[in-house]
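The values are calculated or read from the model by the stated rules, or taken from the named source; none is laboratory data. No experiment lies behind these values; they were computed from the predicted model shown. Cβ placement follows ideal geometry from the backbone for every residue including glycine, while neighbour counts extend to all protein chains displayed.
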Amino acid sequence: MPLPDLAPEHLVVLVLGPGKGELILVRVPPDAWMVVDGCGAERVHYAIEVLTQYRARPRIVLLTHPHDDHSWGVARVIEVSTPRDRKETWPRIGMVLPPGDDVAARSAGFIAGVTRQAIAVVQSRWSASPACRWDVNAGDLELLGDATLRVLSPRADVRAQQLELWRTRQSFDRNVISTALLLTWRGRRVLLGSDLVESPGDGWSHTLVLEPELGDHELLKVPHHGSDQALHDDVLRPRARVPEPLRVFTPYGPSRLPRFLPGEGAHRVVSHGGTSYLTGLPRRHVEQSGRPEARTLTELRTHDAISFDPRTTGFPDCYILVSIPPDGGPPRIEQGPGSVRVVPDSIGAASAGRFERIVGDEL
Ligand SMILES: [Zn+2]
């Protein structure tokens with residue numbers, strides 16, 4: 001089963017998260033692609049599969065922070081998009097450069113496996129072609145086709161302080177140096193929250209100083225899998241221009257994020273309004289659903305009790321595709337198998353399916 005066809009004139013944001021981690025692809029029409037982080041399941045590189053199907057070549061590749069659930073497959077995307085004999089075609093490659101003189105020193109005690117490999121590949125391309133280097137400093141503006149990206153985090157002093165902790169091998173939270181991005185296209189705004197947290201580090205308070213109206217967005221990729229520590233009410237409170245924004249969560253199975261109890265994580269996001277989707281439940285990929293789902297918050301509170309039949313047959317699955325038209329019309333949403341639309345409890349579980357059909361008819 002293929003991924004959906006893309007409307008040629010639309011801004012497209014594709015969020016994938018098959019049980020652990022996340023990958024985001026953005027297509028600014030007609031063909032300016034950006035790949036943010038990476039994920040995979042059952043040995044399938046999700047980013048490579050998406051790029052192959054859409055015959056896409058990224059203009060920007062970004063590793064938002066050095067955690068394995070975001071760096072899976074990033075090295076491979078960079079390898080296939082940086083042919084040695086055509087450096088003029090290479091994408092801009094963004095990353096907060098770790099401290100120290102070599103990868104081994106930077107990695108000791110903190111970084112291993114796929115993240116170490118991703119950092120090494122980024123560095124090798126940066127030295128082979130300095131023009132592709134993007135240091136993602138807060139406040140940076142970068143073009144993606146006719147869209148503008150603004151780097152929101154980490155603030156310069158926080159970044160320097162955290163990198164010093166890293167250099168001196170003291171423990172620190174790598175989510176604090178996550179790169180959050182605000183994409184603006186024809187007056188539409190998409191906030192990609194990466195794993196930026198409010199605690200520790202006051203990350204979202206700092207970004208709100210830079211960009212006070214962050215709540216004004218069509219779409220929020222919810223930061224850090226919807227953990228409480230990553231949420232800030234001023235980012236979640238919808239503004240008048242877009243009273244019903246879209247929120248997309250990716251799950252992180254090992255820490256069972258997001259959580260759905262009243263006042264926690266996903267419940268808190270949903271209570272601010274808008275429409276929320278999960279790319280999957282916080283569980284292993286093989287236990288995700290084989291079709292698009294709609295579940296109430298009450299059902300999701302005890303999501304361990306939900307078993308799916310059929311279960312996923314693999315990629316393409318566990319995705320939400322948001323397609324934003326150029327004329328100011330409402331975004332269209334396509335749910336991949338395994339993804340879940342969160343239904344407000346007032347609608348009730350029994351009518352969730354009916355509501356799904358009504359929404360489907362409008363699309
Ligand atoms: Zn992280």
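Please tell me if His225 is surrounded by 20 or more Cβ atoms within 10 Å (Cβ to Cβ), assigned to a loop (DSSP other than H, G, I, E, B) and touching a strand residue (DSSP E or B) at 6+ places or on another chain (Cβ under 6 Å).
Taking the combined requirement at face value, the residue does not satisfy it.
Surrounded by fewer than 17 Cβ atoms within 10 Å (Cβ to Cβ) and touching a residue at least 24 places away in the same chain (Cβ under 8 Å), is that true of Pro212?
For Pro212, the condition - surrounded by fewer than 17 Cβ atoms within 10 Å (Cβ to Cβ) and touching a residue at least 24 places away in the same chain (Cβ under 8 Å) - is not met.
For Gly253, which of the numbered conditions (1) farther than 24 Å from Ala41 by Cβ; (2) modelled with pLDDT under 95 fails to hold?
(1)
Give the residues of region 161-193 that are more than 16 Å from the ligand (Cβ to nearest atom) and either modelled with pLDDT of 95 or more or within 27 Å of Pro258 (Cα to Cα) (or both), sorted by residue number.
Gln161, Leu182, Leu183, Thr184, Trp185, Arg186, Gly187, Arg188, Arg189, Val190, Leu191
So which residues in region 197-230 are among the acidic types (Asp, Glu), more than 16 Å from the ligand (Cβ to nearest atom) and at negative phi, if there are any at all?
Glu211, Glu213, Asp216, Glu218
Got a number for residues in region 130-163 being in contact with a Phe, Trp or Tyr (Cβ under 9 Å, 6 or more places away or on another chain) and either surrounded by fewer than 15 Cβ atoms within 10 Å (Cβ to Cβ) or acidic (Asp, Glu) (or both)?
Of the residues in region 130-163, 5 are in contact with a Phe, Trp or Tyr (Cβ under 9 Å, 6 or more places away or on another chain) and either surrounded by fewer than 15 Cβ atoms within 10 Å (Cβ to Cβ) or acidic (Asp, Glu) (or both).
Which count do you get for residues in region 47-71 that are free of Cβ contacts under 8 Å to residues at least 24 places away in the same chain and farther than 15 Å from Leu16 by Cβ?
1
For region 48-87, which residues satisfy the criterion of being within 14 Å of the chain's Cα centre (by Cα) and either over 26 Å from Ser153 (Cβ atoms) or away from the ligand (no atom under 16 Å from the Cβ) (or both)?
Passing the criteria: only Val61.
Can you say whether Thr250 is within 17 Å of the chain's Cα centre (by Cα) and either within 12 Å of the ligand (Cβ to nearest atom) or closer than 26 Å to Gln288 by Cβ (or both), as far as the supplied structure shows?
Yes: the conditions hold for Thr250.
A quick yes/no check of all residues on (1) hydroxyl-bearing (Ser, Thr, Tyr); (2) within 16 Å of the ligand (Cβ to nearest atom); (3) outside any loop (DSSP other than H, G, I, E, B):
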site	(1), (2), (3)
Val136	no, yes, no
Ser153	yes, yes, no
Arg159	no, yes, yes
Asp195	no, yes, no
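Would you mind finding the one in Arg237, Arg259 that is of a type outside the set (A, V, I, L, M, F, W, C), over 27 Å from Pro66 (Cβ atoms) and either within 16 Å of the ligand (Cβ to nearest atom) or surrounded by fewer than 22 Cβ atoms within 10 Å (Cβ to Cβ) (or both)?
Arg237
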